[in-house]
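Visitor: One structure is given below, represented as structure tokens, and several questions about it will come after.
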Amino acid sequence: MAEVVLQQKPLSRSEREANIKDKAGWLITVLAALLAINTYVASGNSSKVLNNTISANNTWAFYQAKSVKQTLAEMARDDAVERKQIEKADKLTAKIDRYESEPATGEGKKELMAKARALETERDEIRKSGPWLTFAGSAFQIAIVLLTASILAVSMSLYWGSILVGLGAALLMSQGLWLWLPIML
């Protein structure tokens, strides 16, 4: 039995280029979509950080105003006590207590402090994902550039390199979205 040995002729440059273009085109589309999603999330997070910072600052300013008013009321109450104006002192004491805590409106110092701290905590949690999303965006862009270069240079090594960089970018993006690794930057 004679064996037939089929020799495969090497692909021409244009055939290799067409092969890479076909594969790279789909991969560029996927990476560009992931880059767009990453940018959208990072932008939304930046807005949330800014809004929470402004809201926390406004809440702390309101807290300080309440503190000043409370101090003035305490001084007036002390003056009323010295002058034996008990009814006025009682009214001022009730006012001072409302400045300290007013659960009905949420505008007492105690409630304002809790609200400001909650806004700062939320802001700090959102801020943790920022560097990861920034690195992911850069890596997605590098992967797209490598894919483009692989088409121009007709280079499968650049193509596979872009896949590795793209996978790294997806890993960085997942860390930015879910903070699944306990690593903080």
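None of the figures in this text is laboratory data; all of them are computed from the coordinates on show. Since we're looking at a predicted model, the values are computed, not measured. Cβ coordinates were reconstructed from backbone atoms using ideal geometry, including for glycine residues, and neighbour counts include every protein chain displayed.
Visitor: Taking the dipole about the Cα centre of the range 15-178, with the C-beta of Lys and Arg at +1 and of Asp and Glu at -1, give me whichever of 152, 140, 166 is farthest to the positive side.
Guide: Checked the options; the winner is 140.
Visitor: Quickly rank 110-120, 47-57 as a protection proxy: mean count of other C-beta atoms within 10 Å, highest first.
Guide: 110-120, 47-57
Visitor: Between the alpha-carbon centers of the range 43-74 and the range 85-100, tell me the distance in whole angstrom.
Guide: For the range 43-74 versus the range 85-100, the Cα centre distance is 25 Å.
Visitor: Using the eigenvalues of the Cα gyration tensor, what equivalent ellipsoid semi-axes result for the chain when each is taken as the square root of five times the eigenvalue, whole Å, largest first?
Guide: Equivalent ellipsoid semi-axes, largest first: 69, 13, 10 Å.
Visitor: Give me the extension gain from residue 81 to residue 122: residue separation times 0.36 nm, minus the current Cα-Cα distance, reported in nm with one decimal.
Guide: Residue separation times 0.36 nm, minus the Cα-Cα distance, leaves 10.4 nm.
Visitor: Another one. Which pairs break 27 Å Cα to Cα here: 48/69; 95/115; 88/110? Show your work: numbers first, answer last.
Guide: Details: 48/69 31 Å; 95/115 21 Å; 88/110 24 Å.
In this structure, 48/69 exceed 27 Å between Cα atoms.
Visitor: In a Gaussian network model over the chain where Cα atoms closer than 10 Å are linked, find which of 144, 163, 96 has the largest mean-square fluctuation.
Guide: Judging by the Gaussian network model, the answer is 96.
Visitor: OK, next. Report relative contact order for the chain in percent, whole number only (criteria: Cα-Cα under 8 Å, sequence separation at least 6).
Guide: Computed over the chain, the figure is 28 percent.
Visitor: I need the calculated FRET efficiency for the pair residue 9 and residue 181, taking r as the beta carbon distance and R₀ as 41 Å, to the nearest 0.05.
Guide: Values: r = 49 Å, r/R0 = 1.19.
According to the calculation, E is roughly 0.25.
Visitor: So how strong a dipole does the chain carry about its Cα centre when Lys and Arg Cβ are +1 and Asp and Glu Cβ are -1, to the nearest 20 debye?
Guide: Once rounded to the nearest 20, the dipole reads 220 debye.
Visitor: To continue, here is another question. Sequence neighbours fewer than 8 away in the same chain don't count; with that in mind, list the lysines whose C-alpha is under 29 Å from residue 23.
Guide: The qualifying lysines are 9.
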